[in-house]
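Down below is the structure, laid out as structure tokens.
The values are calculated or read from the model by the stated rules, or taken from the named source; none is laboratory data. Computed from a predicted structure; not experimentally measured. A quick note on method: Cβ atoms are made from the backbone with ideal geometry, for glycine too, and the neighbour counts reach across all protein chains shown.
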Amino acid sequence: MKSLKVVRNNKVVRLTPRKKEIIILLASGRTYQEIADKLKITTKTLENYLVDIRRKLKVFNNISLVIIVLQQGLVKIDEITVATKVK
């Protein structure tokens, strides 16, 4: 997976492939625990990643984060597999 370049406020922000993977999983509707399990990290580490991503992109929540990367075409809709839970 390649790194992710996001333009925010006329500045290019580069995110690592790991951070791109986190954004894709988040956009897919996965819970923090599901993302952490898949990436073999703790939920605390995941939260630290997300704080750093949001800080770099100057957004205040995960929804804004996902919207930005989708609007800029940085993460393609077909890269996202929506999580579904069937009981």
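Quick look at the values:
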| quantity | calculated |
| --- | --- |
| Members of the range 12-61 that are outside any helix (DSSP H, G or I), over 20 Å from Gln72 (Cα atoms) and of a type in the set (S, T, N, Q) | Thr31, Thr42 |
| Tally of residues being of a type in the set (D, E, K, R), loosely packed, with under 14 Cβ neighbours inside 10 Å and modelled with pLDDT of 90 or more across the range 53-81 | 1 |
